[in-house]
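The values are calculated or read from the model by the stated rules, or taken from the named source; none is laboratory data. Not measured: the values here are computed from a predicted model. All Cβ positions, glycine included, derive from the backbone under ideal geometry; neighbour counts span all protein chains shown.
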Amino acid sequence: MKRVAIITGASRGIGAATAILAASRGYAVCVNYLRNEAAARGVVDGIQGAGGRAIAVQADVAREADVVRLFETADWELGTVAALVNNVGILEPQCRVENIDGARLQRVFATNVIGSFLCAREAVRRMSTNHGGKGGAIVNVSSAAARIGSPNEYVDYAASKGAVETMTLGLAKEVAEEGIRVNAVRPGHIYTEIHASGGEPGRVDRVKAAVPMKRGGQPGEVAHAILWLLSDEASYVTGTILDVTGGR
Ligand code: NAP
C-alpha cells in the first residue's frame, strides 16, 4: 500500500512540483486545485505516465464543505491520508494597507489561514492515534513574507502567513504525542505564477539582487524541503519552520 499524500493547490507552481516529487517517492497523491482542471489533469497524467498513482480533486480550501469532501474523496479513492501539504496561498494586487478593503482581507485570510486550519483539522482527525489513526506529517507552506512583512505590497498576505506559522507551532505541540509531526517551509522568491496575481509577473527578477545567492528559486527546490520534512528522515523534527530563501 502506498502512503497517501494530499497536496492542496497542486495544479501549478510549488504544489505541482511537490505532487510530482511525492509520487516519485512512492506516495499516492491527491492533487487538489481550485479552477484549473486542465493543469491538475496534466499533473495527474504526468504522475500516472511515470507509473505513479494520483487523482485530481477540485475543492476550494476556504469552504468547509469542500475541504470535508476533499478528504472524503481521498479516503475512498486512495486510502487514509498520511501526509498533508497545506500549500494553497493567494495574494492580491500590490497596495498599501490604507487601500485594502474588508472583502480582500476576507478572501486572503479565508484561503490562507482558515483553509490551512480546516485541512489540518481533517488530517488530524484521520492521523491522530487518539482517533485510532496511524500518525502522519503535515507541512504548511508559509513565506519569508511572514518575517519581512511585505510593506507596500501585501502586508495582509504576510500577516496571513504569520498566522500559518503560529498555527504550525501550536498544532505541532498539540499533536506531538499522537504520532503527528507538523512543520512549515518558508519559501523566498520562487518562479511561479503567483506573482502575476500581485500585478507583477516578473517580480522575482526585480528583487533577486537582494537575495544573497543572487537568484530566484525553482518550485522543485521548495518541494525537496517539503518532502524531507514529510519523510522519516525528519522523524525527530516538529514545530520547525524551514527557510528556503537563498539566504534572504
Ligand atoms: P501558484 O503558482 O499561484 O499556484 C496556486 C495554486 O493554488 C494553484 O494550484 C491553484 O489552483 C491553487 N489554489 C488557489 N486558491 C485555491 C483555493 N481556494 N482552493 C484550492 N486551491 C487553490 O502559487 P505558488 O507560488 O506555487 O505558491 C504556493 C504556496 O507557496 C503558497 O502558499 C504561497 O503563498 C507560497 N509561497 C510562494 C512564493 C513564491 O515566490 N512563489 C514565496 C513564498 C511563499 P488553480 O490552478 O485551479 O487556480
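Below is a table of values for the structure above.
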quantity: Scope region 203-220; condition buried (at least 18 other Cβ atoms within 10 Å of the Cβ) and of a type outside the set (Val, Ile, Thr); matching residues; calculated: ARG203, LYS208, GLY216, GLY217, PRO219
quantity: Listing of helices (runs of 4 or more DSSP H) fully contained in region 132-248 that carry 2 or more residues being closer than 24 Å to VAL97 by Cβ and either in contact with a Ser or Thr (Cβ under 8 Å, 6 or more places away or on another chain) or within 11 Å of the ligand (Cβ to nearest atom) (or both); calculated: 145-148, 155-175, 194-197, 203-207
quantity: Filtered residues of region 158-177 (kept if polar (S, T, N, Q) and either touching a Leu at 6+ places or on another chain (Cβ under 8 Å) or touching a residue at least 12 places away in the same chain (Cβ under 8 Å) (or both)); calculated: SER160, THR168
quantity: Count of residues meeting criterion [under 19 Å from HIS131 (Cβ atoms) and surrounded by 22 or more Cβ atoms within 10 Å (Cβ to Cβ)] in region 144-185; calculated: 5
quantity: Lone unmet requirement of (1) surrounded by fewer than 21 Cβ atoms within 10 Å (Cβ to Cβ); (2) away from the ligand (no atom under 13 Å from the Cβ) for ALA38; calculated: (2)
quantity: Qualifying residue in region 8-24 (condition: away from the ligand (no atom under 14 Å from the Cβ), assigned to a helix (DSSP H, G or I) and among the hydroxyl-bearing types (Ser, Thr, Tyr)); calculated: yes
quantity: Residue match in region 109-119 (condition: over 25 Å from PRO151 (Cβ atoms), touching a strand residue (DSSP E or B) at 6+ places or on another chain (Cβ under 9 Å) and assigned to a loop (DSSP other than H, G, I, E, B)); calculated: no
quantity: Pairs with Cβ under 6 Å, 6+ apart, first in region 74-103 and under 24 Å from ARG203 (Cβ atoms), second exposed (fewer than 15 other Cβ atoms within 10 Å of the Cβ); calculated: PRO93/GLY199; GLN94/GLY199; ARG96/ASN152
quantity: Where a residue in region 23-52 is over 21 Å from ASP75 (Cα atoms) and its partner, wherever it lies, is assigned to a loop (DSSP other than H, G, I, E, B) and basic (Lys, Arg), with Cβ under 8 Å and at least six apart; calculated: ASN36/ARG12; ALA39/ARG12
quantity: Residues that are loosely packed, with under 14 Cβ neighbours inside 10 Å, within 14 Å of the ligand (Cβ to nearest atom) and basic (Lys, Arg), drawn from region 64-112; calculated: none
quantity: Single match in VAL57, VAL85 (criterion: modelled with pLDDT of 95 or more, over 14 Å from the mean Cα position of the chain (by Cα) and part of a strand (DSSP E or B)); calculated: VAL57
quantity: Members of region 209-237 found to be under 16 Å from the mean Cα position of the chain (by Cα) and acidic (Asp, Glu), listed by number; calculated: GLU221
quantity: Identity of the residue in region 238-248, surrounded by 19 or more Cβ atoms within 10 Å (Cβ to Cβ) and under 14 Å from the mean Cα position of the chain (by Cα), that ends up farthest from VAL185 (Cα to Cα); calculated: VAL244
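Let's see how each residue does on (1) among the polar types (S, T, N, Q); (2) within 24 Å of GLY188 (Cα to Cα); (3) at pLDDT below 95:
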| position | (1), (2), (3) |
| --- | --- |
| ALA74 | no, no, no |
| LEU78 | no, no, no |
| GLY89 | no, yes, no |
| ARG96 | no, yes, no |
| SER116 | yes, yes, no |
